[in-house]
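Before any comments, here is the structure.
The values are calculated or read from the model by the stated rules, or taken from the named source; none is laboratory data. The structure presented is a predicted model; accordingly, all values stated were derived computationally and were not measured. Every residue, glycine as well, gets a Cβ built from its backbone with ideal geometry; the counts of neighbours run over all protein chains shown. Only protein heavy atoms, including side chains, enter the accessible area calculation; ligands, DNA and RNA are left aside. Shrake-Rupley method; radii C 1.70, N 1.55, O 1.52, S 1.80 Å.
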Amino acid sequence: VVDVPPGEPVTLRAAQRDLRGCRWRSANVFTAGPDGTVDLTRDAPVDGSYDGVDPMGLIWSMRPLDEPTFDGPVDVRQPTELELRASAAGAGSVTALVRRRRIPDGLVRTEVSDGGLVGVMYHPAAGSGLTAVIMLAGAEAGIHEDDAALLAAHGYAVLALALAGVPGRPPTLQDIPLEYAGLAIDHLRALPFVHPDRLAVVGGSKGGEAALLIGSAYPTVTGVVSIVGSG
């Protein structure tokens, strides 16, 4: 924030409506510096929804105004619009709109259905010799497509594999054949842009348990990330 009278209180507000329609808000008061600016990489709020210097504080400290809902799927490919508003008694107010995308640019998206598999894969458009990753959801089931895309943007070929909870798969994580993961491993290792000897499985909670089991059963898996997965 620039062109504010030095020492003037400046209120910064962030507002966003998530993909399910729930409204989120945060508000923090800062003191303009001697140069008439507020810089979130330098300044801590004197009052508001977070403490200390944190350039992302306005975002992570937002709180819901509505009761969150979790029914039905959402399209994570749609961006959300973040409104940032700065106001000061001696300088009026100004608003900026930022479109926040969950799916980075430069990625190829492929819906995978070969051999009974159900999933969505992302990889860099110009990638070759990539480490492949199978990404598993937890007890909530479904597909973690946005997480797969964010990881793929760091140079991986990531298959968000549905174990359950989507059309074509069982409704719950019960009696899932281990061989289903074997099909996913074979599919990834055969892709021309994947290094066949570098393959990891990532999962959280129940997905973390599945990742450990898959890694122990298939020698072609060279890495496992089990996030709060029980042994």
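Exactly one residue among Leu151, Leu213 is of a type outside the set (S, T, N, Q) and within 23 Å of Arg101 (Cβ to Cβ), and that residue is Leu151. Among the residues making up the range 117-148, those that are assigned to a strand (DSSP E or B) and small (Gly, Ala, Ser) are Gly119, Ala132.
Please find, within the range 103-116, the residue that is nearest to the chain's Cα centre (by Cα) out of those that are closer than 28 Å to Leu183 by Cα and assigned to a loop (DSSP other than H, G, I, E, B). Ranking the candidates gives Ile103 first. Scanning the range 157-213 for residues that are under 24 Å from the mean Cα position of the chain (by Cα) and in a helix (DSSP H, G or I) gives Ala181, Ala184, Ile185, Leu188, Lys206, Gly207, Gly208, Glu209, Ala210, Ala211, Leu212.
Residue by residue, here is whether (1) out of contact with any strand residue (DSSP E or B) (no Cβ under 8 Å at 6 or more places or on another chain); (2) open to solvent by less than 50 Å² (accessible area, probe 1.4 Å); (3) among the basic types (Lys, Arg) holds:
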| residue | (1), (2), (3) |
| --- | --- |
| Leu136 | no, yes, no |
| Ile143 | no, no, no |
| Asp146 | yes, yes, no |
| Leu150 | yes, no, no |
| Tyr156 | no, no, no |
| Ala164 | yes, yes, no |
| Gln174 | yes, no, no |
| Val202 | no, yes, no |
| Leu213 | yes, no, no |
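With respect to (1) surrounded by 14 or more Cβ atoms within 10 Å (Cβ to Cβ); (2) under 21 Å from His123 (Cβ atoms), the lone exception for Pro192 is condition (1). Taking the range 159-214 on its own, how many of its residues are closer than 22 Å to Leu130 by Cα, among the basic types (Lys, Arg) and in contact (Cβ under 8 Å) with a residue 60 or more places away in the chain? Result for the range 159-214: 1.
Residue-wise test of (1) open to solvent by 80 Å² or more (accessible area, probe 1.4 Å); (2) in contact (Cβ under 8 Å) with a residue 12 or more places away in the chain; (3) out of contact with any Ser or Thr (no Cβ under 9 Å at 6 or more places or on another chain); (4) not acidic (Asp, Glu).
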site	(1), (2), (3), (4)
Gly21	no, yes, no, yes
Asp35	yes, yes, yes, no
Trp60	yes, no, no, yes
Val74	no, yes, yes, yes
Gln78	yes, yes, yes, yes
Ala91	no, yes, yes, yes
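Residue count for the range 20-39, restricted to those that are touching a helix residue (DSSP H, G or I) at 6+ places or on another chain (Cβ under 7 Å) and not in a strand (DSSP E or B): 0.
Conditions tested, residue by residue: (1) farther than 30 Å from Phe193 by Cα; (2) at pLDDT 95 or above; (3) not basic (Lys, Arg).
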| position | (1), (2), (3) |
| --- | --- |
| Ser26 | yes, yes, yes |
| Pro34 | yes, yes, yes |
| Val38 | yes, yes, yes |
| Trp60 | yes, yes, yes |
| Pro68 | yes, no, yes |
| Gln78 | no, no, yes |
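For the range 37-54, give me each residue that is of a type in the set (Gly, Ala, Ser) and buried (at least 17 other Cβ atoms within 10 Å of the Cβ).
Residues of the range 37-54 of a type in the set (Gly, Ala, Ser): 44, 48-49, 52.
Within the range 37-54, Gly48, Ser49 qualify.
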